[in-house]
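Visitor: Sharing a structure with you now.
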Amino acid sequence: MSTTERPRILVVGGGYVGLYAAKRIMKKMRYGEATVTVVDPRSYMTYQPFLPEVAAGSISPRHVVVPLRRVLPKAEVLTGRVTSIDQDRKVAVVTPLVGEAYELPFDYLVIALGAVSRTFPIPGLAEQGIGMKGVEEGIGLRNHVLEQLDKAESTTDENVRRRALTFVFVGGGFAGAETIGEVEDMARDAAKYYSTIKREDMRFILVDAADKILPEVGPKLGTWGKEHLESRGIEIYLSTSMDSCVDGHVVLKNGLEVDSNTIVWTAGVKPNPALARYGLPLGPRGHVDAQPTLQVTGTDYIWAAGDNAQVPDVASRKAGVENAWCPPNAQHALRQAKVLGDNVISGMRGFPQAEYSHSNKGAVAGLGLHKGVAMIVMGKTKIKLKGRLAWYMHRGYHGMAMPTWNRKIRVFADWTLAMFLKREVVSLGALETPREEFYEAAKPAPAPAAAAAPAAKAKA
């Protein structure tokens with residue numbers, strides 16, 4: 001970390017909003033006008049809409065993350081967490097991954113912490129659940145599912161086999177529906193290489209407390225998506241929830257009970273709980289209360305955007321929708337980040353702030369290879385697509401939304417190679433414990449019993 005007499009713009013969070021806001025600020029500011037410091041516990045940004053494809057092996061995990069230091073070469077990138085903020089002194093406390101915490105003064109502040117998985121105090125969830133918020137979880141889910149097929153192929157115990165081949169997904173929004181669609185597709189392909197496992201031996205279950213799935217694309221496409229997943233043998237239980245999953249024994253509200261080694265939790269997100277320690281005005285659900293200019297309410301030097309902020313949806317309110325707020329998606333995050341960056345520069349120079357206003361352009365979702373739904377909004381017209389064409393729209397939109405041309409090219413290269421080469425179905429579960437084999441080889445061997453006996457006798 002360097003010290004400077006220039007004003008410091010502190011960006012808390014290096015996700016979609018943090019990355020793009022910092023990039024925009026550095027593009028617009030004059031040479032030496034300010035120091036931009038980005039603090040995040042990870043040194044990379046993850047493009048979360050591609051995590052289901054990472055779990056299915058359609059995209060290499062390295063290609064959905066963007067190194068912050070490469071994209072922001074002239075910024076300070078600190079790997080750690082901002083644990084508290086003193087607004088009176090304009091000082092943040094940074095806790096690095098290693099070493100003691102220290103104070104970092106700032107002049108302007110950007111809150112871009114994003115969201116974390118929204119969980120409930122369900123018995124067994126913390127021990128058994130697998131989330132889908134980070135690339136590590138996407139890789140882990142892929143390896144875990146393929147390991148279950150290995151276990152089922154190798155065992156003679158029917159109960160162990162049934163448990164390994166039962167997969168439970170909780171949450172029917174974009175993350176849940178896309179993940180179960182991609183993982184089922186992968187498992188179907190992988191089963192071709194196992195002599196004793198067929199797709200009919202596997203059980204995929206999707207649970208949601210709401211009365212529909214994929215609400216983001218509207219009721220008709222949501223209904224089609226449900227029917228499509230059910231046609232692939234996926235059981236869908238709506239208007240129900242999971243009561244417990246202790247030791248993998250899943251109990252649903254509707255009375256269904258199954259044993260499973262795989263419980264994937266995608267039941268929504270909530271603002272990062274660290275926001276509660278920053279002394280900022282928060283909304284009823286824990287979001288930072290922001291104005292249409294993305295300035296935090298009651299301040300003129302703090303901005304917030306993305307999943308951790310409640311931002312008035314100006315376009316919807318002008319159309320007559322009362323109390324409309326911008327939904328937490330990449331479409332808004334990208335555009336908010338640009339307006340936020342411009343407003344930080346304007347605030348630093350004493351110019352007026354611009355309001356953020358963006359009309360919804362629709363939503364796209366992939367449900368596996370060549371399968372998807374899409375709703376495209378063009379003015380007052382809504383174009384609804386399903387099947388292969390919607391899948392092309394999904395890949396085209398998110399492929400171009402992927403930050404940096406480096407990563408765009410790598411993602412499209414993965415997709416192009418997949419057209420000619422078969423999907424990889426190898427499990428690399430040992431990645432989670434890479435030192436285990438070396439440890440077993442290097443640890444001291446126990447003394448042989450025969451050698452120990454004379455020593456004990458001599459001592460006596």
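The values are calculated or read from the model by the stated rules, or taken from the named source; none is laboratory data. Computed from a predicted structure; not experimentally measured. So basically every Cβ, Gly included, is an ideal-geometry build from the backbone, and we count neighbours across all protein chains shown.
Visitor: For residues that are under 21 Å from the mean Cα position of the chain (by Cα) and either of a type in the set (Ser, Thr, Tyr) or part of a loop (DSSP other than H, G, I, E, B) (or both), scanning just the range 162-206, find the one that is surrounded by the fewest Cβ atoms within 10 Å (Cβ to Cβ).
Guide: GLY173
Visitor: Here's another thing I want to ask about it. Looking at (1) under 30 Å from THR297 (Cβ atoms); (2) assigned by TED's automatic domain parsing to the domain that holds ALA175; (3) small (Gly, Ala, Ser), which is the only condition GLY138 fails?
Guide: (1)
Visitor: Please find, among ALA290, ALA276, ALA315, the residue that is in the same structural domain as ALA337 (by TED's automatic domain parsing), touching a residue at least 12 places away in the same chain (Cβ under 8 Å) and in contact with a strand residue (DSSP E or B) (Cβ under 8 Å, 6 or more places away or on another chain).
Guide: Values: ALA276 fails: touching a residue at least 12 places away in the same chain (Cβ under 8 Å); ALA315 fails: in contact with a strand residue (DSSP E or B) (Cβ under 8 Å, 6 or more places away or on another chain).
On inspection, the qualifying residue turns out to be ALA290.
Visitor: Sticking with this one: Looking at (1) more than 23 Å from ALA92 (Cα to Cα); (2) of a type in the set (Asp, Glu); (3) part of a loop (DSSP other than H, G, I, E, B), which is the only condition ASP300 fails?
Guide: Among (1) more than 23 Å from ALA92 (Cα to Cα); (2) of a type in the set (Asp, Glu); (3) part of a loop (DSSP other than H, G, I, E, B), ASP300 violates only (1).
Visitor: Looking at GLY222, GLY218 in this structure, which one is in contact with a Pro (Cβ under 9 Å, 6 or more places away or on another chain) and modelled with pLDDT under 95? Outline the logic, then answer.
Guide: Numbers: GLY218 fails: in contact with a Pro (Cβ under 9 Å, 6 or more places away or on another chain).
GLY222 is the lone residue from the list that is in contact with a Pro (Cβ under 9 Å, 6 or more places away or on another chain) and modelled with pLDDT under 95.
Visitor: Of ILE383, ILE345, which residue is closer than 30 Å to PRO7 by Cα, more than 23 Å from the chain's Cα centre (by Cα) and β-branched (Val, Ile, Thr)? Even if it seems obvious, please write down each step before you answer.
Guide: Numbers: ILE383 fails: closer than 30 Å to PRO7 by Cα.
Of ILE383, ILE345, the one residue that is closer than 30 Å to PRO7 by Cα, more than 23 Å from the chain's Cα centre (by Cα) and β-branched (Val, Ile, Thr) is ILE345.
Visitor: Can you tell me which residue within the range 56-68, out of those that are in a helix (DSSP H, G or I) and over 22 Å from PHE174 (Cβ atoms), is modelled with the highest pLDDT? Explain how you work it out, then say what you get.
Guide: Here is the first cut: in the range 56-68, the residues in a helix (DSSP H, G or I) are 56, 61-64, 68.
Among the residues that remain, those that are also over 22 Å from PHE174 (Cβ atoms) are: 62, 68.
On the way: ARG62: 92, LEU68: 95.
Among those residues, the one meeting the criterion is LEU68.
Visitor: Any residue at all in the range 198-205 that is of a type in the set (A, V, I, L, M) and at pLDDT 95 or above?
Guide: First, pick out the residues of the range 198-205 that are of a type in the set (A, V, I, L, M): 202, 205.
If we keep only those that are at pLDDT 95 or above too, we end up with 202, 205.
There is at least one residue in the range 198-205 that is of a type in the set (A, V, I, L, M) and at pLDDT 95 or above.
Visitor: Now, a different point. Going through TRP391, TRP405 one at a time, which residue ends up being aromatic (Phe, Trp, Tyr), more than 30 Å from ASP150 (Cα to Cα) and touching a Leu at 6+ places or on another chain (Cβ under 9 Å)?
Guide: TRP391
Visitor: Among the candidates MET348, MET419, single out the residue that is aliphatic (A, V, I, L, M) and either exposed (fewer than 13 other Cβ atoms within 10 Å of the Cβ) or in contact with a Lys or Arg (Cβ under 9 Å, 6 or more places away or on another chain) (or both). Before you say what the answer is, go through the steps one by one.
Guide: On the way: MET348 fails: either exposed (fewer than 13 other Cβ atoms within 10 Å of the Cβ) or in contact with a Lys or Arg (Cβ under 9 Å, 6 or more places away or on another chain) (or both).
None of the others qualify; the one that does is MET419.
Visitor: Spot the failing condition for ASN254; the list is (1) surrounded by 15 or more Cβ atoms within 10 Å (Cβ to Cβ); (2) assigned by TED's automatic domain parsing to the domain that holds ASP211; (3) modelled with pLDDT under 95, and only one is missed.
Guide: Among (1) surrounded by 15 or more Cβ atoms within 10 Å (Cβ to Cβ); (2) assigned by TED's automatic domain parsing to the domain that holds ASP211; (3) modelled with pLDDT under 95, ASN254 violates only (1).
Visitor: Among the residues of the range 271-286, which ones are in a loop (DSSP other than H, G, I, E, B) and either farther than 22 Å from VAL93 by Cα or out of contact with any Leu (no Cβ under 8 Å at 6 or more places or on another chain) (or both)?
Guide: Filtering the range 271-286 down to residues in a loop (DSSP other than H, G, I, E, B) leaves 272, 278-281, 283-286.
If the condition is that a residue be in a loop (DSSP other than H, G, I, E, B) and either farther than 22 Å from VAL93 by Cα or out of contact with any Leu (no Cβ under 8 Å at 6 or more places or on another chain) (or both), then TYR278, GLY279, LEU280, PRO281, GLY283, PRO284, ARG285 are the ones that fit.
Visitor: Quick one: in the range 47-79, which of the residues that are more than 23 Å from VAL426 (Cα to Cα) and of a type in the set (Val, Ile, Thr) is surrounded by the fewest Cβ atoms within 10 Å (Cβ to Cβ)?
Guide: THR79
Visitor: If you don't mind, another one. Under 7 Å by Cβ, and 6 or more places apart or on different chains, what pairs join a residue from the range 126-143 that is in contact (Cβ under 8 Å) with a residue 12 or more places away in the chain with one that is of a type in the set (Phe, Trp, Tyr)?
Guide: GLY129/TRP265; ILE130/TRP265; GLY131/TRP265
Visitor: List, please: which pairs have Cβ atoms under 9 Å, are six or more places apart or on different chains, and start with a residue in the range 48-68 that is within 14 Å of GLY176 (Cβ to Cβ) and end with one that is buried (at least 24 other Cβ atoms within 10 Å of the Cβ) and among the aromatic types (Phe, Trp, Tyr)?
Guide: From residues that are within 14 Å of GLY176 (Cβ to Cβ), the pairs are GLN48/TYR16.
Visitor: Mind checking which residues of the range 117-154 are surrounded by 15 or more Cβ atoms within 10 Å (Cβ to Cβ) and among the aliphatic types (A, V, I, L, M)?
Guide: Hits for the range 117-154 are ILE122, LEU125, ILE130, MET132, VAL135, ILE139, LEU141, VAL145, LEU146, LEU149, ALA152.
Visitor: I'm trying to understand the selection: among the residues of the range 339-372, which are in contact (Cβ under 8 Å) with a residue 40 or more places away in the chain, under 30 Å from GLY218 (Cα atoms) and charged (D, E, K, R)?
Guide: Within the range 339-372, GLU355, LYS371 meet the criteria.
Visitor: Can you name the condition, by its number, that ILE302 falls short on among (1) more than 23 Å from LYS133 (Cα to Cα); (2) surrounded by fewer than 16 Cβ atoms within 10 Å (Cβ to Cβ)?
Guide: (2)
Residues checked against (1) assigned to a helix (DSSP H, G or I); (2) polar (S, T, N, Q):
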position: ARG6; (1), (2): no, no
position: ARG24; (1), (2): yes, no
position: VAL36; (1), (2): no, no
position: VAL39; (1), (2): no, no
position: VAL54; (1), (2): yes, no
position: ARG70; (1), (2): yes, no
position: THR79; (1), (2): no, yes
position: THR83; (1), (2): no, yes
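Let's see how each residue does on (1) farther than 27 Å from MET393 by Cα; (2) not acidic (Asp, Glu):
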position: ARG8; (1), (2): yes, yes
position: VAL11; (1), (2): yes, yes
position: LEU19; (1), (2): no, yes
position: LYS27; (1), (2): yes, yes
position: GLU33; (1), (2): yes, no
position: VAL39; (1), (2): yes, yes
position: PRO49; (1), (2): no, yes
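Visitor: Now a separate question. Take the residues in the range 218-264 that are part of a strand (DSSP E or B) and in contact with a Cys (Cβ under 9 Å, 6 or more places away or on another chain); name whichever of them is farthest from ASN143 (Cα to Cα).
Guide: So in the range 218-264, the residues part of a strand (DSSP E or B) come out as 234-237, 242-244, 249-252, 257-259, 262-264.
Checking the rest, the ones that are also in contact with a Cys (Cβ under 9 Å, 6 or more places away or on another chain) come to 251, 263.
Details: VAL251: 25, ILE263: 14 Å.
Within the range 218-264, the match that is farthest from ASN143 (Cα to Cα) is VAL251.
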